1. Could you tell me the extents of region 89-193's C-alpha atoms along the three principal axes, largest first, rounded to whole Å?
2. What's the percent breakdown of Cα-Cα distances in region 77-117 across 10 Å bins, shortest bin first?
3. Between residue 55 and residue 203, take the C-beta separation as r, use R0 = 22 Å, and let me know the FRET efficiency to the nearest 0.05.
4. Sorted from fewest to most neighbouring beta carbons within 10 Å, what does the list 176, 203 look like?
5. Could you please rank 206, 143, 45, placing first whichever residue has the fewest other Cβ atoms within 10 Å of its Cβ?
6. Return 69, 216 ranked ascending by Cβ neighbour count within 10 Å, so the fewest neighbours appear first.
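Computed from the coordinates by the stated procedures, all read-outs in this text should not be read as laboratory data. These numbers were taken from a predicted model, which means no experiment stands behind them. Please note: Cβ atoms are built from the backbone with ideal geometry, for glycine as well, and neighbour counts cover all protein chains shown.
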């Protein structure tokens, strides 16, 4: 057991210090070195006291693995959370853009000013858009670069519409921006309401995931006969099967409670 603990600690330290550029990627999976190191340390800090209390290696390892998944799950959802928070800024940016257009500014100047006035995540892209628009390849190329950086369906919809408006021009650009702002705001409002409705379902799934392991730990710590049974090979297999069922159930529950993402445009 000390060998396992040393291995986990060594892996965490090596990942955090020696390999800052490491990325584990798979289908819809992105794990940063910091999250991997946090998972290793959290699993180790959970494994050692649980093993000391329960004296059942299979249960201690399973509980530690489940706890170690917490920072990995947070790392996987962080990009989606950040993209959602960024998308929520677009209605205000479009409102600022419409106001700048109404005051007579051309679309490129108005868009840069709207980004600068957003006072949020989108504001950090304003210098790059301004530089590429006025000293680089032009406004359309700047919008394309911004679309690549944001990598979000809402940004695709808005920036492609702005690209078309810039190329076509005309007197109805302001009206198109207003309609675009209403459409984006309505879509974000519907998705926010749907996400709030799923909160209770997510909490129920979390309780269903944690409760059996809490009950197992309580049973082992208060019943010496149960502790002896789980120290056997058959008991370890039962715990392993329970761990597999828990992970599969978590994956299914996460999929069911996940909002569908609209497809990226022209990708």
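1. Result for region 89-193: principal-axis Cα extents of 42, 30, 23 Å.
2. Here the calculated profile for region 77-117 is 32, 39, 22, 7, 0.
3. Once the sixth-power term is evaluated, E becomes 0.10.
4. If I rank by nearby Cβ atoms, fewest first, I get 203, 176.
5. 206, 45, 143
6. Lowest count first: 69, 216.
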